[in-house]
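Notes follow once the structure below has been shown.
The values are calculated or read from the model by the stated rules, or taken from the named source; none is laboratory data. It should be emphasised that the depicted structure is a prediction, and the values quoted were computed from it without experimental measurement. As a convention, Cβ positions derive from the backbone with ideal geometry for all residues, glycine included, and neighbour counts pool all protein chains shown. These accessible areas exclude ligands, DNA and RNA; they are computed on the full protein's heavy atoms, side chains included. Shrake-Rupley method; radii C 1.70, N 1.55, O 1.52, S 1.80 Å.
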Amino acid sequence: MESLARRFGLRTDPTIFFFSAIFMVVFALALIIAPGPIGSAFEAARAWIVTNLGWFFVLGVNVWLGFLIWVASSRYGHIRLGGRNSRPEYTFVSWFTMLFAGGIGTVLMFWGVAEPMSHFATPPLPGVEAHSPEAAQDAISIALYHLGLHTWTIFTLPGLAFAYFIYRYKLPVRVSSVFYPLLGDKISGPIGKTIDVVAILGTLFGVAVSLGLGSSQVAAGLNELFGTGDGPFVQILIIVALTAVAVGSIVAGLDSGVKLLSNINIGMAVALMIFVLVTGSTLFLLRGIVETAGLYLHNLPRLAFWNDMLSDVRPDTDEWGWQGSWTVFYWAWTVTWSPFMGLFVARISKGRTIREFVLGVLLAPSLFTLIWFAIFGWQAMELDGIGAAARDQMGDAAGQLSEAVSNSIPLAMFAFFENFPFTTLIQGFAVIIVAIFFATSSDSASLVVDMLCTGEAHAGPVQQRLFWGISEGTIAVLLIMLAGEAGLTALQQVITVVGLPIFCLVFMMIPSLAIGLAAEDIDYITVGTRPTAEDLHGEGATLPTTDRIDGRRDGGAEPSPAE
């Protein structure tokens, strides 16, 4: 394998690279040769996972969030992800835009209107009347539960583990490095390489599913604007175009390509949000932002542990409860992004403290998500009619948006903009934002997969990066072919199955991190003895020495965590 890698001019671990490529090609051929049996197998596997392990996904993310809060508030929070004197490479604004554009911008554009409207029209909680004020409040709360703190928890835990072990233990840029306290030197053997191959394949499928969802939304927008149709053929052409944009950014690299696209993209998304705020029901939305924060904090404890245990088994699929198609799907999909997003966030977070990292990655994007849903979600529900009195007054206009969303989730955002001025212009602007968001996610993932293979933070040869970028687009095309008219449902089946092993890997990062942190030689922070009046004012008085704020004694050498 090493000679083959040299022949192709690759700079990589041959075992990880070629085994990942082989498994990917085998699966691609299986999709082409036998799409029917493959689809049936994924459908059956997803039904089993949702029914028997849905509770595991729900509980797991809560455990991860609790662990992160403990780490950030503990005496380990002031540890820098790097040497004592290391400082962040990127400003906070650039840091935020890159992690946001790479992580969840695509999801907000897809679900910003669709999810609140879905829960508003079909309330998941028992005893709630559709289109009522209670349904509206629950819809916003559930959407934020799915895409707020808990989603960013799934990114933050792996990101922290990668940054800690890569920068403080000086280990290779690979998922297996996170398990050094548990495996020791075995991270360089078959076990470690297997972990890396699984992480690479999970990342490829997670991003491919996202490309599939993104292509359906772009296709819906183009069909609305130009009548191009939105079938599988159109979606495949869109994936090819998005992959071409991503490949161009991949060649440019992290700073020139990904950073530039991310900054442009987040600026366009903020402009779109401000447009809705200004041209929509401004006062209603401003009040909604404040109230949404209270609703989220009030309902989060209940929703976070809600497991739909009293629902009946669905006779058609034997799946247990509503959460299989929503919460479990979200966590399974998001966790497939965790190797990619974790390493990507770790790459751009060197020099930050653990406390700064955890609070920044958890809170900043979650706050933006709250504002986004408060503006798009509440505006959409008001346009549809909240409460019986409002709907009676609206007449035939009531319910049109919720009907459009039920007919086509990818069309939700574009149907929403039909109620605003400059409709065609804004719909076209939204199509561009979605396209760039998905291209940004693809190029970020390709760079990270390349790092997983090389074990280095620096980009590998161009042909290496191009291979992974093109591979993501190819898998997305094949999944679209497998999905056919089933679309979103088939993609949910694939990602739920792929997400289970990645979820288990991320769970094991907690004991590994705990062991690593426990080995740190950190004193408790003290402030010394309180000075007396003589100490302060006496001749030749000196203040008592105190410990440094980072918890280490002055003049002490920084220990190596690997020792």
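Within the stretch 120-228, the GluC sites (Glu not before Pro) that combine a DSSP coil assignment with at most 14 other C-beta atoms in a 10 angstrom radius are Glu129.
Estimated from helical segments only, the mean residue ellipticity of the chain at 222 nm is -23500 deg cm²/dmol, where each DSSP H run of four or more residues counts as -39500 (n - 2.57).
Under the combined filter of DSSP loop state and at most 15 neighbouring Cβ atoms within 10 Å, the stretch 4-65 retains these chymotrypsin sites (Phe, Trp or Tyr not before Pro): Phe8.
Among Lys170, Lys193, the sequence by solvent-accessible area, most first, with a 1.4 Å probe is Lys170, Lys193.
One chain, two ends: Gln400 and Glu134. Fully extended at 0.36 nm per residue, the span grows by 93.8 nm beyond their Cα-Cα distance. Karplus-derived 3J(HN,Hα) values for the stretch 80-88, using 6.51 cos²θ - 1.76 cosθ + 1.60 with θ = phi - 60°, are 7, 7, x, x, 4, 9, 6, 10, x Hz; glycine and proline are entered as x. For the pair Ala388 and Phe284, label points projected 7 Å from Cα toward Cβ lie 2.0 nm apart. Angle of helix 509-518 to the longest C-alpha principal axis of the chain, folded into 0 to 90 degrees and rounded to 10: 20°. With a ≥ b ≥ c the root eigenvalues of the C-alpha gyration tensor of the stretch 262-418, is it rounded (a/c under 1.5), prolate (a/b larger than b/c) or oblate? Verdict is oblate for the stretch 262-418. Extension gain for the segment Thr228 to Glu89, taken as residue separation times 0.36 nm less the Cα-Cα distance, is 45.6 nm to one decimal. Taking R0 as 41 Å, what FRET efficiency do you get between Arg75 and Thr194 from their Cβ-Cβ distance, rounded to the nearest 0.05? The computed FRET efficiency comes out at 0.70. Note on the chain: with neighbouring protein chains present and a 1.4 Å probe, carbon and sulfur make up 64 percent of its accessible heavy-atom surface. Largest accessible area first, the listed residues Ile33, Ile49 line up as Ile33, Ile49 when surface is computed with a 1.4 Å probe on the assembled protein chains. Accessible area per residue (1.4 Å probe, heavy atoms of protein chains only) ranks Glu520, Glu2 as Glu2, Glu520, with the largest value leading. Heavy-atom accessible surface of the chain, averaged per residue, reaches 40 Å², computed with a 1.4 Å probe. When peptides 288-297, 148-157 are sorted by average Cβ neighbour count within 10 Å, with the highest value leading, the order is 148-157, 288-297. The amide H of Thr353, built 1.01 Å from its N in the peptide plane, has Leu81 as neighbours under 5 Å, considering only residues 5 or more places off or on other chains. Spatially, the stretch 1-72 and the stretch 355-369 are offset by 27 Å when compared through their Cα centroids.
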